[in-house]
Amino acid sequence: MTLASSSSPGSMPSFPNVNRFLRFLMTIITDTWKSALADVSTRWPFFFLVLWCTALSFTLILLARFITPPSSACRPDGTFSPFIGYSYWDASGFFQVTLAFGSFTFTQVKIIDVAWDIIIGRAGQGILAYFSWSTFADYATVSMDTTPMTYTTFTTLFIEHGPSFTSAYRLIRDFMLYRRLKSKIATTWIILSILFVFAWPTLVAAMSGYSPETGAYVTDIKGNFVPYNEFQLLAYVIHDGNRINLTTSFPVLYGFSSSFPSVNILISMANYSPKFPQGQWHQSCYYDKSSEQDCDLVSDISDYVLAYGFNGRSRNVSQWRGQTLQQNSLDIEPFTVSEQVLTSLHRRQNFSPAWWFESNVYTLQNLQDNGACKTLGESFQWGFSYIQLFIVLLTLAIWTDGMCLLRHHTHRFQPLRGQPERPRGVRPLLLLAEAIEGQLGASGIDPHTKTNKQLGRHIYKGLKGGSMSFEFPSRNKLASSHSVLHWAKRNLLWLLLAAMSVVFLFVLYDLQFLVLLVAILSAYIIGTTGKSRLFLATLLVLITLPLWWIKVLSLRRPGY
């Protein structure tokens, strides 16, 4: 008798099914790993392109939206003003160091300046030239299939490896007078790019520099230069202070002038000086215990003048800190009072902002007339002209985008059939020599019997600059979709992820989302298939998990 095997409805699936599923899963993982590894091995430079573009864009946004001039009375252009209102876009700061950092000796700041010019200026020019000439040569290879170029253009793009004034001049001359490339836009772009790379060291040197470190000073009534932050913002003067155990003409001062030298900020901070209903102080009212007493006095005086008015005009009995004052109220003169007091008095403007120093009152006009920025010893600051820095970075971003588009257009064509690579190194010399000898021979000219000047005259007059083209088999353009909408539909998920990262970055101001954005863009650009991109995105996000964990731990600390 044979027993048939059966499984109850609640039994586990048979082991062969589980093994089949595991083998299927391992096959998917293995294929995905191989696909991702193949993409990374050939397309890894795109990761650094993503980093470069992200850093460049983030820096531009940071400069445009979040970098604001300091509130110091010494403005970035070296002028003195007790008001906020300086703009980095002021034309007066175009050739001045308006975005300065640090405090250095002359030797230190000179070393920084020279190192900047060498590393960023000269070495940076070499890097820009390398990528420029490589891209130009690739595009010229594509263009020469249908449009020959002159000998000079061929020499500049395939044999020379860097910009110069003469190379730019020769290209412009040949493009305008003899033969241009296949596309007018590409021809113009190459000329502009060469000029940009050629001028790069000059631009880098011009936008940076150093200047003496300065401080704000005001000439007092004795003719001495006094640091501006030693003048304290004056709230009231109690002319009969002796009635309440104070001195005659007692100044009532705010306790935060040394930390906030701008008039705009000082007056706005005065609005927070009265006590809150809970009896607590706004943290800006005091910065040490000595200032706390000033805040108490300002608050009590504000309450008193709301009840009895200014300048001793009230004839009634008044109360001051539990003390009964007969006859007139206190003779209090207002200068800079809080918004709460102004609102209660139905005033829109403050009285007359003034400062106190060594028993003397200095009006706002006194500060403006006698204020100046003086150098502080032999210390220097190093930095940039904000306008020039922004223009150079924006131009660099445009250059990066243009080179990426030109390279993308070039790589839409299939490689040269029957050729190992585009001509480079010694091969362009051989091609150029063959072309010159053949075309001169066809014109009946023996190059060995002519001087260089005679050959040049014949090439430009008789041969119109010469004709260089690659006699390679014709190549077809790779199939690609020209529809941006079609591309967006196919990559909607990646666009949404990138857009969400950008939104969270600027809403929450959290750089963790910048790292996430780099991971998403890197996975999309390096990966060529959906599986490869998903694997790379997951891997890059897992690598950034420690950063998120550190952020979570910091938020759990006391005080957050």
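Hey, residue 232 hits all of (1) closer than 30 Å to residue 325 by Cβ; (2) surrounded by fewer than 14 Cβ atoms within 10 Å (Cβ to Cβ); (3) not aliphatic (A, V, I, L, M) but one; which does it fall short on?
It fails just one condition, (2).
May I ask you to say which residue of 85, 78 is at positive phi and out of contact with any strand residue (DSSP E or B) (no Cβ under 7 Å at 6 or more places or on another chain)? I'd like the intermediate steps shown before the answer.
Values: 78 fails: out of contact with any strand residue (DSSP E or B) (no Cβ under 7 Å at 6 or more places or on another chain).
None of the others qualify; the one that does is 85.
Keeping to region 307-336, report how many residues are over 58 Å from the mean Cα position of the chain (by Cα), within 13 Å of residue 239 (Cβ to Cβ) and part of a strand (DSSP E or B).
Going through region 307-336 one residue at a time, the tally reaches 0.
Enumerate the helices (runs of 4 or more DSSP H) found wholly within region 132-225, keeping only those where 3 or more residues are open to solvent by 10 Å² or more (accessible area, probe 1.4 Å) and either more than 30 Å from residue 112 (Cβ to Cβ) or not small (Gly, Ala, Ser) (or both). I'd like the intermediate steps shown before the answer.
Details: elements: 151-154, 165-177, 184-207.
Qualifying helices (runs of 4 or more DSSP H): 165-177, 184-207.
Filter region 91-104 down to the residues that are open to solvent by 70 Å² or more (accessible area, probe 1.4 Å), under 15 Å from residue 380 (Cβ atoms) and over 18 Å from the mean Cα position of the chain (by Cα) and list them by number.
If the condition is that a residue be open to solvent by 70 Å² or more (accessible area, probe 1.4 Å), under 15 Å from residue 380 (Cβ atoms) and over 18 Å from the mean Cα position of the chain (by Cα), then 96, 103 are the ones that fit.
Which of the following residues is modelled with pLDDT of 70 or more and farther than 23 Å from residue 39 by Cα: 514, 547?
Working: 547 fails: modelled with pLDDT of 70 or more.
The unique qualifying residue is 514.
Output the qualifying pairs, or none if there are none: Cβ atoms under 6 angstrom, residues six or more apart or on different chains, first residue in region 297-320 and within 20 Å of residue 338 (Cβ to Cβ) and among the aliphatic types (A, V, I, L, M), second residue part of a helix (DSSP H, G or I) and open to solvent by 20 Å² or more (accessible area, probe 1.4 Å).
306/344
So residue 413 passes all but one of these: (1) among the hydrophobic types (A, V, I, L, M, F, W, C); (2) modelled with pLDDT of 70 or more; (3) closer than 27 Å to residue 142 by Cβ; (4) in contact with a helix residue (DSSP H, G or I) (Cβ under 7 Å, 6 or more places away or on another chain). Which condition number does it fail?
Result: residue 413 passes all but (2).
Filter region 511-528 for residues that are touching a residue at least 40 places away in the same chain (Cβ under 8 Å) and within 23 Å of the chain's Cα centre (by Cα) and give the result. Spell out how you get there, then give the answer.
First, the residues of region 511-528 that are touching a residue at least 40 places away in the same chain (Cβ under 8 Å): 514, 517-518, 521-522, 525-528.
Answer for region 511-528, where residues must be touching a residue at least 40 places away in the same chain (Cβ under 8 Å) and within 23 Å of the chain's Cα centre (by Cα): 514, 517, 518, 521, 522.
Looking at region 499-516, which of its residues are among the aliphatic types (A, V, I, L, M) and open to solvent by less than 20 Å² (accessible area, probe 1.4 Å)?
We begin by selecting, within region 499-516, every residue among the aliphatic types (A, V, I, L, M); these are 499-500, 502-503, 505, 507-508, 511, 514-516.
Listed by number, the list holds a single entry, 505.
State whether one or more residues within region 228-237 are in contact (Cβ under 8 Å) with a residue 40 or more places away in the chain, assigned to a helix (DSSP H, G or I) and among the charged types (D, E, K, R). It would help to see each step written out before you state the result.
Restricting attention to region 228-237, the residues satisfying the condition of being in contact (Cβ under 8 Å) with a residue 40 or more places away in the chain are 228, 230-237.
This time we only want the ones that are assigned to a helix (DSSP H, G or I), so: 228, 230.
Now narrow it down to the ones that are among the charged types (D, E, K, R): 230.
Yes, region 228-237 contains a residue that is in contact (Cβ under 8 Å) with a residue 40 or more places away in the chain, assigned to a helix (DSSP H, G or I) and among the charged types (D, E, K, R).
The values are calculated or read from the model by the stated rules, or taken from the named source; none is laboratory data. Please read all numbers here as calculations on a predicted model, not as lab measurements. Cβ coordinates were reconstructed from backbone atoms using ideal geometry, including for glycine residues, and neighbour counts include every protein chain displayed. Side chains included, ligands, DNA and RNA excluded: accessible areas come from the protein's heavy atoms. Shrake-Rupley method; radii C 1.70, N 1.55, O 1.52, S 1.80 Å.
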